[in-house]
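Following: one structure in structure tokens, then a few remarks.
The values are calculated or read from the model by the stated rules, or taken from the named source; none is laboratory data. Since this is a predicted model, take the numbers as computed values, not measurements. Methodologically, a virtual Cβ is constructed for each residue, glycine included, from the backbone with ideal geometry; neighbour enumeration extends over all protein chains shown.
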Amino acid sequence: MVQIVAPDGRVGAPPVGLAAPKRSLAGLTIGVLDNNKPNAGLLLDRVASRLAERTGAIVGFRAEKNAAIPCEDQVLDRMTKEVQVVLTGSAD
Amino acid sequence: MVAVLPPRLGEATRRVIAANAVMAGCPPELTPVVVTAVRALARPEVNLRGVNATTHPVAPLVVVHGEAVDALGFNAGLGVLGPGNRANATVGRAVRLVLLHVAGAVPGPGDASTQGGPAKYTYCIAENLPASPWEGYARSVGVHAPSAVTVHCGEAPHNFHDMDSDEPARILEKCATAMATFGVNNACISQGEFFVLLCPEHAATIAGAGWGRRDVASFLYERARRPAGDYRAMFGSLAWDPWMHAVPDDHPLPVTGSADNIRVVVTGGAGKHSSVVPSWGMTASVTLPLEG
């Protein structure tokens, strides 16, 4: 009998899931997590302020991180406590 | 389960790793080397998600140490980095196939490397302990096992040659200039390691003057430098140790934050060419005992 073995393996469960999307941003606080890539902060800050203008949200805590490593725990803790929506960037 | 590998979060079981090893052409006896390398790559300090996903051409260099080198047929001598014998070529390729299939490091969705690189095809060498004047690398980092495997996520090797020096400094000055280039990630990320792959003849000359592995690292730490202001002029963002930000522009700043980041392995055959493998930066090498 010939047995075929797949080389890719099962996909494990992600350690965390994505939060449910917000129905409305009105009254919520937007956080900005700048990944420190060129112009990322400029873009994210502009998007945050435009979103706030359009939806009635406010822009709150802002932090920077290195794109290549996970965010520091204390930054995540503060984000969790102070904001309900986070804008961030991936890659360049 | 050996490891869960990002970004796909694929489950690397022994069975799945063996399937990739077969596809790479590994004889069965080489599978434990692949398993050990995969386990090492899953250690958090390696930061495999970043290694796989970055635009940088980083690839895991697998280094085999100890009794397994001869017992399993690895080439630690002439042409160690290529064109390749079966053990070096297939273990390196098996690790890459695991990263492609299980980790999902596929160009595009899982690997953003701008140009990729030949080291992403296969990248496995062995330490030439019989020709080394020093204790084995694994033992030097606290792994006291008959055989061991190191993974270092870095660039393809940068060659340096010195044909006629009879003392260490003149050889290592050339190595230092290969290290202190602005094109490598080490220049802007101080935690990055360098693996210095010394050929046996360079190592013999250096050791003949009474230098140990630590002396090589210390010398290179002192000599692989550029003025701090030159780094600042070159980069918009510098992931440096805090003290490095405080020195004046004319201070000769090392290209890595600590001499401990400079790792020395003796490998290769006759001749006077050695090489440097710079790091991706946000990663650290891991050495584990070879699994039975």
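Considering every residue within segment B:224-234, establish whether at least one is under 30 Å from B:Ala40 (Cα atoms) and crowded, with 23+ Cβ neighbours inside 10 Å. Within segment B:224-234, one or more residues are under 30 Å from B:Ala40 (Cα atoms) and crowded, with 23+ Cβ neighbours inside 10 Å. Scanning segment B:18-52 for residues that are among the acidic types (Asp, Glu) and either in contact with a helix residue (DSSP H, G or I) (Cβ under 6 Å, 6 or more places away or on another chain) or within 13 Å of another protein chain (Cβ to nearest Cβ) (or both) yields one hit, B:Glu45.
A search for C-beta distances below 6 Å between a residue of segment B:219-245 that is more than 15 Å from B:Ser258 (Cα to Cα) and any residue that is surrounded by fewer than 19 Cβ atoms within 10 Å (Cβ to Cβ) and polar (S, T, N, Q), counting only pairs 6+ apart in sequence or on different chains, returns B:Ser237/A:Asn36. Candidates are the residues of segment B:231-281 that are of a type in the set (S, T, N, Q) and within 14 Å of another protein chain (Cβ to nearest Cβ); the one that is farthest from B:Glu155 (Cα to Cα) is B:Ser237.
May I ask you to verify whether B:Thr90 is crowded, with 21+ Cβ neighbours inside 10 Å, touching a residue at least 24 places away in the same chain (Cβ under 8 Å), more than 12 Å from chain A (Cβ to nearest Cβ) and hydroxyl-bearing (Ser, Thr, Tyr)? Here the answer is yes, as B:Thr90 does meet what is asked.
Against the condition among the hydrophobic types (A, V, I, L, M, F, W, C) and farther than 30 Å from B:Glu45 by Cβ, how does A:Leu87 come out, does it pass? Taking the combined requirement at face value, the residue does not satisfy it.
Once segment A:69-92 is narrowed to residues that are touching a residue at least 40 places away in the same chain (Cβ under 8 Å) and hydroxyl-bearing (Ser, Thr, Tyr), the residue that is farthest from B:Gly192 (Cα to Cα) is A:Thr88.
For segment A:1-56, residues that are within 14 Å of chain B (Cβ to nearest Cβ), of a type in the set (Lys, Arg) and either under 21 Å from B:Glu11 (Cα atoms) or touching a strand residue (DSSP E or B) at 6+ places or on another chain (Cβ under 8 Å) (or both) total 1.
Tally time: how many residues in segment A:54-92 are part of a loop (DSSP other than H, G, I, E, B), modelled with pLDDT under 90 and of a type outside the set (Ser, Thr, Tyr)? Matching residues across segment A:54-92 total 11.
When segment B:84-103 is filtered for residues that are part of a helix (DSSP H, G or I) and over 18 Å from B:Phe74 (Cα atoms), the ones remaining, listed by number, are B:Leu97, B:Val98, B:Leu99, B:Leu100, B:His101. Determine whether segment B:197-208 contains at least one residue that is farther than 29 Å from B:Asn88 by Cβ, modelled with pLDDT of 95 or more and either under 17 Å from the mean Cα position of the chain (by Cα) or not in a helix (DSSP H, G or I) (or both). The answer is no, given that none of the residues of segment B:197-208 is farther than 29 Å from B:Asn88 by Cβ, modelled with pLDDT of 95 or more and either under 17 Å from the mean Cα position of the chain (by Cα) or not in a helix (DSSP H, G or I) (or both). Applying the set (1) more than 21 Å from B:Ala112 (Cα to Cα); (2) assigned to a loop (DSSP other than H, G, I, E, B); (3) of a type outside the set (S, T, N, Q); (4) within 14 Å of chain A (Cβ to nearest Cβ) to B:Arg15 leaves exactly one unmet item: (2).
Does B:Thr54 satisfy being among the hydroxyl-bearing types (Ser, Thr, Tyr) and surrounded by 17 or more Cβ atoms within 10 Å (Cβ to Cβ)? When the stated conditions are applied, B:Thr54 passes them.
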